[in-house]
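See below for the structure under consideration.
Read-outs throughout are calculated quantities, based only on the coordinates presented, and are distinct from any laboratory measurement. It should be emphasised that the depicted structure is a prediction, and the values quoted were computed from it without experimental measurement. Reconstructed Cβ throughout: ideal geometry from the backbone, glycine too, with neighbour counts over all protein chains shown.
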Amino acid sequence: MFIAKVTGSVVATQKVGSMTGHKLLVVEPYRLEPDQRQSLVTTGRTFIAVDTIGAGENDFVLITQGSSARLTPETKTLPIDAVIIGIVDKVHIDDREVSVDRD
Amino acid sequence: MFIAKVTGSVVATQKVGSMTGHKLLVVEPYRLEPDQRQSLVTTGRTFIAVDTIGAGENDFVLITQGSSARLTPETKTLPIDAVIIGIVDKVHIDDREVSVDRD
Amino acid sequence: MFIAKVTGSVVATQKVGSMTGHKLLVVEPYRLEPDQRQSLVTTGRTFIAVDTIGAGENDFVLITQGSSARLTPETKTLPIDAVIIGIVDKVHIDDREVSVDRD
Amino acid sequence: MFIAKVTGSVVATQKVGSMTGHKLLVVEPYRLEPDQRQSLVTTGRTFIAVDTIGAGENDFVLITQGSSARLTPETKTLPIDAVIIGIVDKVHIDDREVSVDRD
Amino acid sequence: MFIAKVTGSVVATQKVGSMTGHKLLVVEPYRLEPDQRQSLVTTGRTFIAVDTIGAGENDFVLITQGSSARLTPETKTLPIDAVIIGIVDKVHIDDREVSVDRD
């Protein structure tokens, strides 16, 4: 899994039938800032993930990729390769708390 | 999933039998332009994806990769690792609409 | 999937039993040359893929990766993660034909 | 698999139900330092993996990614794509021991 | 699949039970040197793969990644994502033999 920030959403009217009603969020993977190691910074990549747990813009979330994205009750039969499995409350790295505030 | 722009198509006459009749499109993954964060820009990568929903050149689409590409009615038994699951109408990032116009 | 050029072959005598008799080709992924967008150029990466359709050196081919590489009649039970699913005859990008000549 | 160092942990209260009670660790993939080839160095990437074997901060561990992350007794039905499968005691490269000390 | 050189080994005492007795080798993916195209060079990456066919240090091997790593008799139920499926004897690229000598 990786930590990502929810930064937006996508609307797609014409789509595979089973995707109807599923929320599609724009997420940007974050990584530890390598020099000070005290904050998370964007990797500059942009992914789209299905949300089933009520994540919203500016939340830091955990993303699962690949076939395991289908291992939640709501996504079992969906043609998706990325799902939000949790909203991140706290991250500790090197015994310090790293901010995941919604700003 | 990721957002990509359909920029072309591929013809392959000699192929695995089950692939007959499936439309193969050239797609280029896009990401958020990192400085202004107001537009999508190409990543410079080139993929081929199966289309089952009528996507066409210049459309922005959602691509699913991996085994989940087989989770649509038309692609269940195909040896494919990328499928178009939706045509993108709107993208909002940082509370702004980001253009996905066909130009 | 991605477009690749077949540039060679591999011989492995000592191998997992089920791999006996399967042709292993060296393939190099290609992408659209980003400035003129009129030709395909190598990505500089080197992969090995199983061929079941008679591809040969200098052919441009379509490669499927991951578990879907096992979705062809000849590869169902093989421990492989890449297979050639088609030989590319024509590629159109931005309404122009992009050369896939065997040179 | 790859070698990674455990550098932290993640707390996510709101999550997919099946994830309750599973320990989520921050892991950073390491690779061989390319010039002297005598130590492991971080790749600068940040992943989150489930731990089922008692790994702790500063341990070097082996990470399995993808659907195989579900091939342990505790993770069979989880929507995860990365799991710790072992704690690394020793690494030998080029006939030399490479340090995996907890420092 | 990709070509890699076996450069070492890993010992992990504390591990998922099913991994007991399986040999874990350090492998470094190689690619074609891009200018002269007459030799293989390391990509600088470091992976760990299970060996079931008797590969040893300095051998060039073929690596399969992902769920297909479980498609060998010995690895069916293992939580692994990389396995050695063959020892490379010969590689031909551009009609020339490329050395895979054990040096």
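Summary of computed values
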{"item": "Over the protein assembly as shown, volume per residue of the alpha carbon convex hull, in Å³", "result": "144"}
{"item": "Gap separating the Cα centres of the stretch A:1-79 and the stretch D:25-103, nearest whole Å", "result": "24"}
{"item": "Inter-chain Cβ neighbour average for residues D:53-61, partner chain, 10 Å", "result": "2"}
{"item": "Average partner coverage of C:42-51, which counts Cβ from other chains inside 10 Å", "result": "5"}
{"item": "D (Stokes-Einstein, µm²/s), Kirkwood Cα radius, the stretch A:2-98, 1.002 mPa s at 20 °C", "result": "151"}
{"item": "Among A:32-38, E:11-17, E:86-92, D:82-88, the order from most to least packed when residues are scored by Cβ within 10 Å on average", "result": "D:82-88, E:86-92, E:11-17, A:32-38"}
{"item": "Per-residue average of Cβ from other chains inside 10 Å of E:1-11", "result": "6"}
{"item": "Innermost chain A residue relative to the axis carrying A onto E, by Cβ distance in angstrom", "result": "A:SER67, 4"}
{"item": "Whole-number percent relative contact order across the stretch C:35-103, with pairs defined as alpha carbons under 8 Å at least 6 apart", "result": "38"}
{"item": "Projected area averaged over orientations for the stretch A:44-85, convex hull of C-alpha atoms, nm²", "result": "3.1"}
